[in-house]
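Read the structure below first, then the notes.
Every read-out reported here was derived from the displayed coordinates using simple, explicitly stated rules and does not represent laboratory data. Since we're looking at a predicted model, the values are computed, not measured. Here the Cβ positions follow ideal geometry from the backbone for every residue, glycine too, while neighbour counts run over all protein chains shown.
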There are 2 protein chains.
Amino acid sequence: MKPISLNKVEIKDKFWTRWQRLIKDDIVPYQWSILNDQIPGVEKSQTIENFRMAAGEVKGEFYGMVFQDSDLAKWLETASYVLTMERNEQLEQWADGVIDILERAQQADGYLNTYFTVAEPDLRWKNLKDGHELYCAGHMIEAAVAYYEATGKSKILHIASKMADQMDAVFGIEEGKLRGYDGHPEIELALIRLYRATNNRKYLNLSKYFVEERGRKPNYFDQEDIERQKIGAKNLTPPKELDYYVAHAPVTEMETAEGHAVRAVYLFSAMADLAAEYQDQALLQAVKKMWQNIVNKRMYITGGIGSSGLHERFTVDYDLPNDRVYAETCASVGFIMWAYRMLELEEDRRYADVMEQVLYNGALSGISLDGKKYFYVNPLEVKPSLLGHRNDLYFVKGERQSWYGCACCPPNIARLLASLGQYIYSYNEARKNLFVHLYIGSQIEQEIEGQLVQINQTGHYPWNGDIQFQVATESPVHFTLALRIPAWCDSFEITVNGERVETMDSLDKGYLKIARTWNSGDRVELLLPMKVRVMRSNPLVRDNVGKISLLRGPIVYCLEQIDNKENLPDIGVSAKTDFQTVFANDLLEEGAINLEFDAWVTDSLSLNVDELYFQTEVKRNPFQAKAIPYFLWANREPGEMLVWIKEEK
Amino acid sequence: MKPISLNKVEIKDKFWTRWQRLIKDDIVPYQWSILNDQIPGVEKSQTIENFRMAAGEVKGEFYGMVFQDSDLAKWLETASYVLTMERNEQLEQWADGVIDILERAQQADGYLNTYFTVAEPDLRWKNLKDGHELYCAGHMIEAAVAYYEATGKSKILHIASKMADQMDAVFGIEEGKLRGYDGHPEIELALIRLYRATNNRKYLNLSKYFVEERGRKPNYFDQEDIERQKIGAKNLTPPKELDYYVAHAPVTEMETAEGHAVRAVYLFSAMADLAAEYQDQALLQAVKKMWQNIVNKRMYITGGIGSSGLHERFTVDYDLPNDRVYAETCASVGFIMWAYRMLELEEDRRYADVMEQVLYNGALSGISLDGKKYFYVNPLEVKPSLLGHRNDLYFVKGERQSWYGCACCPPNIARLLASLGQYIYSYNEARKNLFVHLYIGSQIEQEIEGQLVQINQTGHYPWNGDIQFQVATESPVHFTLALRIPAWCDSFEITVNGERVETMDSLDKGYLKIARTWNSGDRVELLLPMKVRVMRSNPLVRDNVGKISLLRGPIVYCLEQIDNKENLPDIGVSAKTDFQTVFANDLLEEGAINLEFDAWVTDSLSLNVDELYFQTEVKRNPFQAKAIPYFLWANREPGEMLVWIKEEK
């Protein structure tokens, strides 16, 4: 199946519209000012100035991370999605202006990278391991495709194609070419997008080359290190193991998901695309193995991945501590991209379920309610007073930070939210199956049998599981509407024009398929009962033993100190408790559902504060506890937060 | 009250004699070979060779840590205690030989330190913060006093006195003297020992100066840094905060126990001694405040202290994670030294209880059963497969290591065990109270009212609480025998010559005092019932919420994988379970008491291994669990270990 083109989707959703509006009205203009160093007091970016230097228009020294170019690329990609939502002359003018700079900064042979043009012109393609050259190019290509698709303007697509052509001349297995690949995957998935936009199969093949060459022996990065030592080139970062780069083995020989989590999911995304494009069974099995390893053994309940702060990476199976987690926002964004690609490979709800789980929790937690502050790390348990004192928590923050020096996560979450429309539906043309993966109020247009079919989805998800679909078509058209029934539903109801459709046993890999001839005005109503679910972990997750977490629909809940008390781990709750759902608008203006329930806490009066250890079983008192959606935490005053709560029997 | 001189105590105890024999027969000769670089394949020490260089007898470069001298000092101190137990010509010959080298290495002015004599002769006393000069001197002084007391030979005492005289000329508040103190306390307590051995009050005053000057403003270390920068002297270690050195405030103004745990307890030991010597109430209150802070808020149940791996230090109240703990063996040794000094200040069992708790758990766990391997870090929870993968556990080992490059803990635990006799008793002459703090089979002699009284203590502690005392004296003598009733006893029985003594309400700060005229042959029998105690933590200890630990007598128990199963955190036990005590000699030849009990584990067949998170409450199966004494862990094959066990209701 294939995605629905983003310009055929319009999100009209109480929940998501606010985020999209934030991106459009605040974040994109704000990010533009930062890229142009127009905001006093904010750390220098120099991103656009670097491109001017590469164009030879201004003199100066490169400033920023070696992958500074990608900040502009991610902005341009986000801006493109914003333009897809709504024309915006100012924004288009900014974009066109910067594209002109890119054109002038591009070297005669097609090469475009400011760090290696301005700072280290002799070292082009000599530090693939840490130089992020192909990575930056990948982001630029993604931006180019997005801008082209949003505006129809092709200048940036030509720039991107020239970049890719140059790479194609440099990299490959042919004699005289470099047999390298980037230390940070991204180019691979970008080249597939470029192929799909241009229909030039060369780009697809180059992507396949990059993926297939990765991790082969002798390892390219080891050889590159030797070559760099010979010429005395300095290291850009401290040395790391090959598995950090997900380059420890050929992709089809990897047994577990290793390395830097963002690198991993970007690579796996490309593997999924290539498996589909080439119908490559070995690649398909390989990427499914990675999926199973992560989802079954290495993923937080928030969808966060990467449990080690050092190197922001995977560790070992079931090692999922809640306080020392990394679970980078960028990794969540990449995980969603990958999940959608898995769905394209296999029409199975388990991919969509995870995509939704990551989206509403580990990804959305990365951004504050006002859109101005961001988490890189998304912990499941925080005690702020420890953060300055335990070195093993140095990377965890108790409050979201404003745009950082290394600005990877903020623009990444922005481009995800701006392009959210693409993840809602997909269409299998051969079987005429129109899949609904996400329940987000929206309107789409899809051509089916030569007819333009409109589907209008409405509802109040994720707070309410009552979702409506209205079909509009000029004349009756036969197709199958395939509605995802999330695995967390143990029942559901569907009516078409008010008549009950028979359900559960007709599920096809988690999708309820309604095949019929649809008339304009046909109305489908889906009811997903949203019960509070008390979740437990596999007992191999040491940190969750004896604990439960609370979910409702796709939303993971957490306790915050402000709603409860200090020392959240002391709060105990019975799985059999009656969890009251309370709709409140104190945090989210448009309202959100909190959980209120009876719990137990230590009777502090019966504690002897001078006894650290004692034999007595301390008295427990009833306590009225309140949980809020995890993604909303840290939007009030700083305090403790906890997802996994002690189970009290 | 005062200690009983070590040469008046002979340990005859099934439990402790094995450790003392190990020290005497294996560890002291082995350490001697290492100090002399006589063991092939073991990392170079060069300790004694450094002294030869300082003596100008051989040429070469200093090798080792800046505090390498202290290795020899700790060995010599241990060897002295061994000589106190039993004459040993070979050992005495080694010691005399090395003392001759020390004499020749000592500079004309009394200065003795190989690093600053051989490697940086111009920088003497210029890096008190990190140079360990006074620290090494302190250990040499402790060794000198111990050797003098063991053998009566005074050469080393003269060397030590000359060292102290030189320091006294250099340091102090008088015009022209340095107002410094060492970054690592040790000299302070050593000078008090030197004063007590020589009766030269100058040394006591110098110790008082070092303690009182510490942490005053402007901070000496800050000023020293500036001076060192001026002369371009290199840093010996990375910069650290003043609190790491326990030099962030004057000692009487410290509110909590901060910094490197070993530094802290060495300083607090000296504070306790000085409070006693000068009857200094401010110092007494200050050191009691530190004690309360640690014991009530910053101590593991094993007596381990220092919960941060980075800087081996205290963090904040109740921050006591079981896996990321440091709890250095050296800190336990210092804690015991300090606890005994607190006892001398106040005849209160709470100090002896802690001393015992540290001794049998956090200290003894530092050494393997064969005496050849050592833990620096003493964790309460280990999963070996994580250790190579989680950077936040980099300092934790799953197996004891042989003598390291930085050999602080092995000789420290050796000197503790060799001098254990000094901690058993003490005597308050004014009140004629003979205190028994530890129940260790032993024979002592104490002069009381001009009579030499012998007390013979027998029993099978710590496995059995039935302890006998037999008095031998030439003629009847009146004194009070004060027996510690540990706080963990809720009842006990005492008979004198078979007759019950009335008990509980006659306890005086935890000591049962039997005042009478004692005749030779009088026999006291003490029965401390040893029940298994199920302990809980203050709920502010986040990592122990919902968990219990098992103790019996002074012994903390732990689960090891080899006796149970993988994934120990999954094992649940009810506090009401009947814990069977089983005497077994599989680990400790002479036998030890293990605990066997009914527990519960997840029914793995009812687990879906492909589900990381689920709603179902997984079936629990009965499981026969076994716990062993914590100090015995890691003496078989590597595997998981756990002290705090999930409570299952």
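Odds and ends about this structure:
- Prolate/oblate/rounded call for segment A:315-384, Cα gyration tensor, a/c under 1.5 rounded: oblate
- If you plug the beta carbon distance of A:THR237 and A:GLN624 into 1/(1 + (r/R0)^6) with R0 = 51 Å, you get a FRET efficiency near 0.55.
- When every Cα-Cα distance of chain B is counted in 10 angstrom steps from zero, the calculated P(r) takes the values 3, 15, 26, 26, 18, 8, 3, 0 percent.
- When you filter the trypsin sites (Lys or Arg not before Pro) in segment A:1-102 for DSSP loop state and at most 14 other Cβ atoms inside 10 Å of their Cβ, you are left with A:LYS12, A:LYS44, A:LYS59, A:ARG87.
- A:ASN296 label point (Cα plus 7 Å toward Cβ) to equivalent points in the other copies: 5.2 nm, shortest first.
- Rounded to 0.05, the FRET efficiency of the B:VAL609 and A:TYR278 pair, given R0 = 30 Å and the Cβ-Cβ distance, is 0.45.
- For segment B:46-239, the relative contact order works out to 22 percent when only alpha carbon pairs closer than 8 Å and six or more residues apart are counted.
- Zero-based 5 Å bins, Cα pair distances in segment A:461-500, whole percents: 6, 12, 27, 25, 16, 8, 5, 1
- For B:ARG201, label point 7 Å along C-beta direction: distances to other copies, nm: 10.2
- Dimensionless Rg ratio for segment B:46-239, taking C-alpha atoms and the 2.2 N^0.38 Å reference: 1.02
- Radius of gyration, Dmax [segment B:425-527; alpha carbons; angstrom]: 12.8, 37
- Pairwise label distance in nanometres, B:ARG87 with A:GLU43, each label 7 Å out on the Cα-Cβ vector: 7.3
- Along its three principal directions, the equivalent ellipsoid of segment B:252-393 from the Cα gyration tensor extends over semi-axes of 28, 16, 11 Å, largest first.
- Residues with amide H under 5 Å from that of A:LEU452, placed H, sequence gap 5 or more: A:GLU474
- Full extension of the segment from B:VAL58 to B:LYS372, taken as 0.36 nm per residue of separation minus the current Cα-Cα distance, would add 109.9 nm.
- With contacts taken as Cα pairs under 8 Å and at least 6 residues apart, segment B:532-647 reaches a relative contact order of 36 percent.
- Footprinting exposure proxy for A:LYS531, B:LYS397 (fewest neighbouring C-beta atoms within 10 Å first): A:LYS531, B:LYS397
- Scalar couplings 3J(HN,Hα) for segment B:473-485, obtained by applying the Karplus form with A = 6.51, B = -1.76, C = 1.60 to θ = phi - 60°, are 7, 5, 9, x, 9, 9, 7, 10, 8, 10, 9, 6, 9 Hz; x denotes Gly and Pro.
- Potential extension, B:LEU178-B:GLN229 segment - 0.36 nm per residue separation minus Cα distance: 16.6 nm
- Label point distance in nm, B:LEU587-A:ASP26, each placed 7 Å from Cα along Cα→Cβ: 5.8
- Calculated Rg and Dmax of segment A:307-455 using C-alpha coordinates, Å: 18.4, 65
- Cβ-to-Cβ counts within 10 Å put A:THR577, A:THR602, B:THR114, B:THR517 in ascending order as B:THR517, A:THR577, A:THR602, B:THR114, the fewest first.
- Loop-located GluC sites (Glu not before Pro) in segment B:487-558, at most 15 other Cβ atoms within 10 Å (DSSP): B:GLU502
- For A:GLY521, the distances from its label point to the matching points in the remaining copies are 11.9 nm, ordered from shortest, with each point set 7 Å beyond Cα toward Cβ.
- Multiplying the residue separation of A:GLN454 and A:ASP96 by 0.36 nm and subtracting their alpha-carbon distance yields 125.7 nm.
- P(r), alpha carbons of the protein assembly as shown - 20 Å bins starting at zero, rounded %: 10, 33, 31, 19, 6, 1, 0
- For segment B:532-647: Kirkwood Rh in Å [reciprocal of mean 1/r, alpha carbons]: 15.1
- Here segment B:64-157 is treated as an ellipsoid with the same Cα gyration tensor; its semi-axes, largest first and in whole Å, are 26, 13, 11.
- In order through segment B:419-430: 3J(HN,Hα) via Karplus (6.51 cos²θ - 1.76 cosθ + 1.60), integer Hz, x for Gly, Pro: 9, 4, x, 6, 8, 6, 10, 7, 9, 9, 5, 4
- Percentage relative contact order, chain B, counting C-alpha pairs under 8 Å, at least six apart: 12
- Estimated FRET transfer efficiency (B:ASN635, B:ASN36; beta-carbon r; R0 30 Å; 0.05): 0.55
- Euclidean distance of C-alpha centroids, segment A:145-194 and segment A:463-517, integer Å: 40
- Cleavage-rule hits (GluC sites (Glu not before Pro)) in segment B:228-303: DSSP loop, at most 10 neighbouring Cβ within 10 angstrom: B:GLU255
- Distance between the modelled labels on B:ASP508 and A:SER520, one decimal in nanometres: 10.4 nm (7 Å Cα→Cβ projection).
- Only helices enter this figure: runs of n ≥ 4 DSSP H residues, each worth -39500 (n - 2.57), summed and divided by the residues of chain B, yield -10000 deg cm²/dmol at 222 nm to the nearest 500.
- In chain B, the beta-carbon sitting nearest the axis that superposes B on A belongs to the residue given here with its distance in angstrom, B:ASP392, 2.
- Between segment B:69-120 and segment A:221-252, the Cα center-to-center distance that results, in Å: 50
- Stretch in chain A that is longest and holds no chymotrypsin sites (Phe, Trp or Tyr not before Pro) that DSSP places in a loop and that have at most 16 other beta carbons within 10 Å: A:1-393
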